[in-house]
Amino acid sequence: QVSLEESGGGSVQAGGSLRLSCVASGDALDDSAAMGWFRQSPGKEREFLAVINWRGTSTFYADSVKGRFTIARANANDTTYLYLDSLKPEDRGVYYCAGGNGPGVLAGIPRAWGQGTQVTVSS
């Protein structure tokens, strides 16, 4: 069993920034695992945002956030961050952390999901 816990959500004005964190606990994921971030926006399906390998040496981003969001690994590889910059009103939603193998995370079928952290962006 792997547990993921997100934090860092909040309310910001358009153009602002946030840092989201995801801490993994319980059964450890091996070095071949990947971590990712998704969001569920009002009236939309859950969408993939970014993925990073466990060692933090490879990343991939959705076109909608490329150049504005940055995913990173830190703290002895037990924490995954998502840096949100130049936020737009359409970025509002619940952001979820995911962990598992690379293809599973990309497909939205991870081994574990976090509980989510809410982000609100005002005009």
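The values are calculated or read from the model by the stated rules, or taken from the named source; none is laboratory data. As the structure is a prediction and not an experimental result, all values here were calculated from the model. When we count neighbours, we look across all protein chains shown, and the Cβ atoms used for this are built from the backbone with ideal geometry, even at glycine. What goes into the accessible areas is simple: the full protein's heavy atoms, side chains included, and nothing from ligands, DNA or RNA. Shrake-Rupley method; radii C 1.70, N 1.55, O 1.52, S 1.80 Å.
Does the range 76-94 hold any residues that are over 16 Å from Thr57 (Cβ atoms) and either in contact with a helix residue (DSSP H, G or I) (Cβ under 6 Å, 6 or more places away or on another chain) or not hydroxyl-bearing (Ser, Thr, Tyr) (or both), and which are they?
Asp78, Leu82, Leu84, Asp85, Leu87, Lys88, Pro89, Glu90, Asp91, Arg92, Gly93, Val94 - these are the residues of the range 76-94 that are over 16 Å from Thr57 (Cβ atoms) and either in contact with a helix residue (DSSP H, G or I) (Cβ under 6 Å, 6 or more places away or on another chain) or not hydroxyl-bearing (Ser, Thr, Tyr) (or both).
If Glu90 meets every condition in (1) under 21 Å from Ala14 (Cα atoms); (2) in a helix (DSSP H, G or I); (3) open to solvent by less than 60 Å² (accessible area, probe 1.4 Å) apart from one, which number is that one?
Unmet for Glu90, out of (1) under 21 Å from Ala14 (Cα atoms); (2) in a helix (DSSP H, G or I); (3) open to solvent by less than 60 Å² (accessible area, probe 1.4 Å): (3).
Among what's in the range 44-53 and is free of Cβ contacts under 8 Å to residues at least 60 places away in the same chain and either open to solvent by less than 10 Å² (accessible area, probe 1.4 Å) or part of a loop (DSSP other than H, G, I, E, B) (or both), pick the residue that is nearest to Thr80 (Cα to Cα).
Step one: of the range 44-53, the residues free of Cβ contacts under 8 Å to residues at least 60 places away in the same chain are 44-45, 47, 49-53.
Pick out the ones that are also either open to solvent by less than 10 Å² (accessible area, probe 1.4 Å) or part of a loop (DSSP other than H, G, I, E, B) (or both) and you get 44-45, 49-50, 52.
On the way: Lys44: 25, Glu45: 23, Leu49: 13, Ala50: 11, Ile52: 9 Å.
Step by step, filter the range 44-53, then rank; the result is Ile52.
Provide a single number: the residues in the range 59-72 that are modelled with pLDDT under 95 and touching a strand residue (DSSP E or B) at 6+ places or on another chain (Cβ under 7 Å).
So the count comes out to 1.
State yes or no: is Arg111 at pLDDT 95 or above, surrounded by fewer than 22 Cβ atoms within 10 Å (Cβ to Cβ) and either basic (Lys, Arg) or more than 13 Å from Leu18 (Cβ to Cβ) (or both)? Let's see the steps before the verdict.
Values: at pLDDT 95 or above: no; surrounded by fewer than 22 Cβ atoms within 10 Å (Cβ to Cβ): yes; either basic (Lys, Arg) or more than 13 Å from Leu18 (Cβ to Cβ) (or both): yes.
The answer is no for Arg111.
Out of Ser41, Ser58, Ser17, report the one residue that is of a type in the set (S, T, N, Q), out of contact with any Asp or Glu (no Cβ under 6 Å at 6 or more places or on another chain) and open to solvent by 60 Å² or more (accessible area, probe 1.4 Å).
When all the criteria are applied, what remains is Ser58.
Is it true that Ser25 is more than 11 Å from the chain's Cα centre (by Cα), part of a strand (DSSP E or B) and either of a type in the set (D, E, K, R) or at pLDDT below 95 (or both)? Let's see the steps before the verdict.
Working: more than 11 Å from the chain's Cα centre (by Cα): yes; part of a strand (DSSP E or B): yes; either of a type in the set (D, E, K, R) or at pLDDT below 95 (or both): yes.
For Ser25, the condition - more than 11 Å from the chain's Cα centre (by Cα), part of a strand (DSSP E or B) and either of a type in the set (D, E, K, R) or at pLDDT below 95 (or both) - is met.
Might you let me know whether the range 75-84 holds any residue that is small (Gly, Ala, Ser), at pLDDT 95 or above and surrounded by fewer than 17 Cβ atoms within 10 Å (Cβ to Cβ)?
No, the range 75-84 contains no residue that is small (Gly, Ala, Ser), at pLDDT 95 or above and surrounded by fewer than 17 Cβ atoms within 10 Å (Cβ to Cβ).
Gly67 - would you say it is open to solvent by 10 Å² or more (accessible area, probe 1.4 Å) and in contact (Cβ under 8 Å) with a residue 24 or more places away in the chain? Don't jump to the end; show me each part of the working.
On the way: open to solvent by 10 Å² or more (accessible area, probe 1.4 Å): yes; in contact (Cβ under 8 Å) with a residue 24 or more places away in the chain: no.
Judged against the criteria, Gly67 is not a match.
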